[in-house]
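Before any comments, here is the structure.
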Amino acid sequence: MKKIELEIVALSHSITQTHSYAVVLGEVNGLRRLPIVIGGFEAQAIAVALERMQPSRPLTHDLFSNFMSTFSIELTEVIIYKLEEGIFFAKLVCQNEGEPVEIDSRTSDALALAVRASCRIFTYENILETAGLYLDQTEGTPTESAETRQTPTASPAITSSVDKDLKSLNLEDLNKLLQQVLDQEDYVRAINIRDEINNRKNK
C-alpha cells in the first residue's frame, strides 16, 4: 500500500464541545487533512513539544523519549496504519542496534513522541481517502492572517441546524455544514459530520 507523508499543521479545540481537541495532520505537498480526536493531556503534550517549551520536570512523553535516547533506540517514523470503528491505530518504527523494531501505540502518544524525535509521520492512502478532509485551495494561504480571515456566512437553514441532530439533515446540508465548520477550524465537529456523511454513502 502507498504511504502518504503527513505533518502536524494544527491543534484544534472544539468551539462547540468542551474539553474536546483534535490534532490536524496535513498531507505533505497535498490538500487533504486528517483530523484525529485526542484528549486534553495528549494535546498539551504535543503543544509543549511543538512550542519547544521546557517543563520544570519531564512529562511522560519526555521521559519515554529520554529513555529511548539513553538506550540508543532511535524513533525513525510513525505510521498510522489502521482505522477501525472510528479509532486510529499507530505504530512506532524504531532502530535498536541496527535492528528494526515496531511498537504498537496509541496514535496520540505516537504523535507526541514523533514531535520530540523530529521523525516523519505516515499513513496509507486508503485511510486518508476514508477519513481525510479536502482543504479548499484558497483556504489558509500564507498571506492570510487569522485576524483578516473572514468566516463565510451560512444560510439561515444551515445556521439554525448547527446544534441539531446530524441525522435530521440531508446530504446537501451536511456538506454545507461541513464546509462551514472547516472554515471555522472546528475540526472536532468536522469529524462528526464527515463520519455521518460517510455512513450515508456506505448505506
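Values quoted throughout were computed directly from the atomic coordinates according to the rules given, and no laboratory measurement underlies them. Note that the coordinates shown come from a computational prediction; the quantities given were computed from them, not determined experimentally. Don't worry about glycine lacking a Cβ; one is built from the backbone with ideal geometry, like all the others, and counts go over all protein chains shown.
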- Query: Among the GluC sites (Glu not before Pro) within segment 1-103, which fall in a DSSP loop and have no more than 13 other Cβ atoms within 10 Å of their own Cβ?
  - Reply: Glu51, Glu85, Glu97
- Let me see the pair-distance distribution of segment 19-78: every alpha carbon pair, 10 Å bin width, integer percents in order. 18, 40, 34, 8
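Which translational diffusion coefficient, to the nearest whole µm²/s, is obtained for segment 3-131 from the Stokes-Einstein equation, given a Kirkwood hydrodynamic radius over C-alpha pairs, 10 °C and 1.306 mPa s? Walk me through the numbers on the way to the answer.
On the way: Rh = 15.1 Å.
For the chosen part, D equals 105 µm²/s.
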- Task: Assuming R0 = 25 Å, can you tell me the calculated FRET efficiency for the pair Asn66 and Phe89, based on Cβ-Cβ distance, to the nearest 0.05?
- Result: 0.45
- Charge-dipole axis of segment 3-131 as Lys and Arg at +1 and Asp and Glu at -1 on Cβ define it, positive-most pick from Val37, Ala131, Asn96: Val37
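For segment 48-133, which chymotrypsin sites (Phe, Trp or Tyr not before Pro) are both in a DSSP coil and crowded by at most 14 other Cβ atoms within 10 Å? Walk me through the intermediate numbers first.
Details: sites: Phe64, Phe67, Phe71, Tyr81, Phe88, Phe89, Phe122, Tyr124; in loops: Phe71.
Here the sparse-neighbourhood loop sites are Phe71.
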- If you place +1 on the Cβ of every Lys and Arg and -1 on the Cβ of every Asp and Glu, how big does the dipole about the Cα centre of segment 3-131 come out, in debye to the nearest 20? 380
